[in-house]
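> There's a structure below that I have some questions on.
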Amino acid sequence: MAVAIRTNKEIELIRAAGSVVGRILKKLREFADVGVTTAQLAEISDQMIADAGGIPLFKGVKNPAANFDFPASICTSINEQVVHGIPDSRKLENGDIISIDCGVKLKGYCGDAAITVTIGQVEPEILRLVDVTRQVLGIAVENAQPGMYWSQVARLMQDHAEKAGYGVVRDYVGHGIGRKMHEDPKLPNFVSNELLRNDFRLRKGMILAVEPMVNLGTWKVKVLDDGWTVVTSDHKPSAHFEHTIAITENGADVLTINE
Ligand code: MG
Ligand code: MG
């Protein structure tokens with residue numbers, strides 16, 4: 001497995017792409033509200049990517065399990081939907097949570113990030129799921145230091161989610177990113193024999209899209225008939241947070257800040 005090591009100049013180009021993603025997610029977090037459709041969120045994203053001179057990474061992605069390419073610049077996954085939800089005329093309702101994932105290519109380099117947003121009054125048990133999932137990403141960012149094995153980071157992430165009583169999704173994982181959206185290595189948010197066989201140390205210059213997906217109930221998921229939308233097997237809610245980070249000598253540098 002060859003993991004690209006990026007120069008400081010390349011990291012700045014990825015940060016430029018990542019900052020477009022961060023601005024979009026910030027805007028969509030503010031705009032998402034009761035009665036807003038997921039298609040409206042996608043329109044805002046389309047416009048902001050175009051205004052920045054970027055290319056939407058998700059639009060047109062092929063999937064042999066679906067009979068159409070991904071049609072939008074964001075994924076919008078509501079409640080029991082985990083990832084890869086398709087924007088449409090569905091209106092957000094009071095008590096929903098929505099995971100919004102966005103990827104942008106700018107000047108040949110990619111940024112990828114996701115947030116889960118709460119709509120109106122959300123049940124305390126679901127708010128806790130969202131908070132813990134955000135914390136899981138925070139733990140990864142804090143611990144993604146040069147010299148750490150990825151399995152050590154993954155174990156900290158998994159432990160935090162599982163101690164809260166949640167399931168960590170196994171079927172979808174984080175990834176390296178740079179010239180392309182998906183590059184080596186794979187970054188599972190849990191420890192498995194496969195990870196231990198393919199384990200690697202973090203090195204300065206690696207660019208990683210870290211993205212815990214955490215379920216209120218079982219970790220198991222399935223794909224809807226559209227071939228895209230991933231839902232929890234028990235239909236309980238799921239949350240998703242993602243950042244593109246650069247490994248530096250001082251630890252992880254977040255390239256998709258959306259505050
Ligand atoms: Mg993403
Ligand atoms: Mg990703």
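The values are calculated or read from the model by the stated rules, or taken from the named source; none is laboratory data. Source: prediction; values computed, not measured. Positions of Cβ are backbone-derived with ideal geometry, glycine not excepted, and every protein chain shown enters the neighbour counts. In case anyone asks, the SASA skips ligands and DNA or RNA and just uses the protein heavy atoms, side chains included. Shrake-Rupley method; radii C 1.70, N 1.55, O 1.52, S 1.80 Å.
> Output the residues belonging to region 167-203 that are outside any helix (DSSP H, G or I), over 18 Å from G103 (Cα atoms) and touching a Lys or Arg at 6+ places or on another chain (Cβ under 9 Å).
Of everything in region 167-203, those that are outside any helix (DSSP H, G or I), over 18 Å from G103 (Cα atoms) and touching a Lys or Arg at 6+ places or on another chain (Cβ under 9 Å) turn out to be G167, V169, R170, D171, P188, N189, F190, V191, S192, N198.
> Considering only residues that are open to solvent by 10 Å² or more (accessible area, probe 1.4 Å), assigned to a strand (DSSP E or B) and of a type in the set (S, T, Y), which ones fall in region 214-259?
Passing the criteria: only T248.
> Would you call V104 within 14 Å of ligand 1 (Cβ to nearest atom), in contact with a strand residue (DSSP E or B) (Cβ under 9 Å, 6 or more places away or on another chain) and not charged (D, E, K, R)?
yes
> It is to be established whether one or more residues within region 219-236 are under 18 Å from the mean Cα position of the chain (by Cα) and closer than 27 Å to A16 by Cβ.
no
> Could you say whether any residue in region 124-137 is without any contact (Cβ under 8 Å) to a residue 60 or more places away in the chain, open to solvent by 30 Å² or more (accessible area, probe 1.4 Å), part of a loop (DSSP other than H, G, I, E, B) and polar (S, T, N, Q)?
No; the residues of region 124-137 include none that is without any contact (Cβ under 8 Å) to a residue 60 or more places away in the chain, open to solvent by 30 Å² or more (accessible area, probe 1.4 Å), part of a loop (DSSP other than H, G, I, E, B) and polar (S, T, N, Q).
> Among the candidates K180, K236, which residue alone is of a type outside the set (S, T, N, Q) and more than 13 Å from ligand 2 (Cβ to nearest atom)?
K236
> Answer yes or no: is there a residue in region 161-169 that is open to solvent by less than 70 Å² (accessible area, probe 1.4 Å), closer than 23 Å to K59 by Cβ and within 18 Å of the chain's Cα centre (by Cα).
no
> Oh, and also: Does Q158 fit the bill of being open to solvent by 70 Å² or more (accessible area, probe 1.4 Å), at pLDDT 95 or above and either away from ligand 1 (no atom under 16 Å from the Cβ) or closer than 17 Å to K186 by Cβ (or both)?
In short, no.
A quick yes/no check of all residues on (1) among the hydrophobic types (A, V, I, L, M, F, W, C); (2) surrounded by 22 or more Cβ atoms within 10 Å (Cβ to Cβ); (3) not in a strand (DSSP E or B):
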{"site": "T76", "(1), (2), (3)": "no, yes, no"}
{"site": "I86", "(1), (2), (3)": "yes, yes, yes"}
{"site": "I98", "(1), (2), (3)": "yes, yes, no"}
{"site": "G103", "(1), (2), (3)": "no, yes, no"}
{"site": "A114", "(1), (2), (3)": "yes, yes, no"}
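> Does F68 satisfy being open to solvent by 10 Å² or more (accessible area, probe 1.4 Å), hydrophobic (A, V, I, L, M, F, W, C) and more than 14 Å from ligand 2 (Cβ to nearest atom)?
Here the answer is yes, as F68 does meet what is asked.
> Scan S45, S19 and give me the residue that is within 16 Å of ligand 1 (Cβ to nearest atom), among the hydroxyl-bearing types (S, T, Y) and crowded, with 22+ Cβ neighbours inside 10 Å.
Testing whether each residue is within 16 Å of ligand 1 (Cβ to nearest atom), among the hydroxyl-bearing types (S, T, Y) and crowded, with 22+ Cβ neighbours inside 10 Å leaves just S45.
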